[in-house]
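One structure is given below, encoded as structure tokens.
The values are calculated or read from the model by the stated rules, or taken from the named source; none is laboratory data. Note that the structure is predicted; figures quoted are calculated from it, not measured. Cβ atoms come from the backbone with ideal geometry, glycine included; neighbour counts cover every protein chain shown.
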Amino acid sequence: MNHDLYKALLNSQYLSTKELLRISSKKILIIGAGGICHPFITYACSSGFKEFTIVDNDVIEESNLSRQYLFSRADLGKNKVNVLNQRLNQTYPNLKIDAVCMRADEKFLFDAAQEHDFIIDCSDNFLTRYQISDVSKELKIPLIMGFGGKDQGQVFFTSNQSSSPCYECIFPRDDFQESEISCQTAGIVPLLLGMVGSYMNMILLNYTLRKIEPKFLTVFNLGDNGVRQISVNQDPNCANCFKK
Ligand SMILES: [Zn+2]
């Protein structure tokens with residue numbers, strides 16, 4: 001491990017060299033290579049995480065560039081996952097990135113998730129989000145979800161232990177599944193995606209090192225400079241947590 005890359009982190013004394021090595025052995029599955037993935041993976045790499053699978057089938061468009069800052073104009077038309085892989089390896093030479101150019105479906109998620117320690121949801125549609133929630137719950141893999149639309153960003157974490165809430169405890173799928181709203185259609189103030197992706201890293205780091213588990217849905221609200229934390233408990237009527 002090149003310790004100079006992590007000098008500031010180690011000098012902070014938030015973690016030791018031994019803990020940095022432990023972090024580097026964790027495998028992270030990221031769904032979506034868009035506006036939340038960029039700040040997420042930037043800071044995950046700077047915290048010492050090294051093994052990632054990133055899945056996304058999109059190519060880079062000009063309208064992405066204002067928030068997907070690891071891409072440049074020279075990348076237009078290229079596959080997002082391949083460019084991310086190349087760009088991050090220019091800074092962190094020992095990364096292991098599996099760049100998967102496809103739209104994640106339930107079978108892929110189920111097979112891939114079993115090989116990873118964390119699932120990071122950076123997807124931009126409800127169908128995929130519920131599939132990720134289902135798979136992580138079934139396999140009991142910790143899940144960090146980030147989403148944003150218009151003037152609001154949200155982050156949710158579940159360790160997926162038996163008493164943990166799931167995404168559907170907050171957002172029952174019958175209310176959302178039919179809607180195909182994405183960042184592109186709903187619009188988003190890009191800075192919110194930076195906050196979401198960064199905050200997901202705080203959770204990832206604290207849970208990996210100290211098993212600190214947030215019990216909240218965190219909401220970033222642009223209009224009033226607000227950061228709200230809403231308590232989340234398992235819903236006894238949740239169809240996902242209590243399958244019949
Ligand atoms: Zn639930």
- Residues located in segment 149-177, provided they are more than 9 Å from the ligand (Cβ to nearest atom) and within 17 Å of the chain's Cα centre (by Cα): G149, Q152, G153, Q154, V155, F156, F157, S159, N160
- Message: Can you find a residue that is within 15 Å of the chain's Cα centre (by Cα) and among the acidic types (D, E) anywhere in segment 75-94?
- Response: no
- So L127 clears everything in (1) under 17 Å from the mean Cα position of the chain (by Cα); (2) aliphatic (A, V, I, L, M); (3) closer than 21 Å to I23 by Cβ except one condition, right? Which one? (3)
- Task: Report the residue count in segment 216-244 for those that are in a loop (DSSP other than H, G, I, E, B), within 16 Å of the ligand (Cβ to nearest atom) and over 18 Å from D134 (Cβ atoms).
- Result: 2
- Counting only helices (runs of 4 or more DSSP H) entirely within segment 121-177, those with at least 3 residues that are in contact with a helix residue (DSSP H, G or I) (Cβ under 6 Å, 6 or more places away or on another chain) and crowded, with 19+ Cβ neighbours inside 10 Å are 126-139
- Message: Checking the condition more than 16 Å from the ligand (Cβ to nearest atom) and within 16 Å of G35 (Cα to Cα), which residue from N94, N85 passes?
- Response: N85
- Task: Check whether at least one residue in segment 76-91 is more than 24 Å from S136 (Cβ to Cβ), of a type in the set (G, A, S) and modelled with pLDDT of 95 or more, and report yes or no.
- Result: yes
- Message: Please go through (1) touching an Asp or Glu at 6+ places or on another chain (Cβ under 8 Å); (2) in contact (Cβ under 8 Å) with a residue 40 or more places away in the chain; (3) in a helix (DSSP H, G or I) for F110 and return the number of the only condition it doesn't satisfy.
- Response: (2)
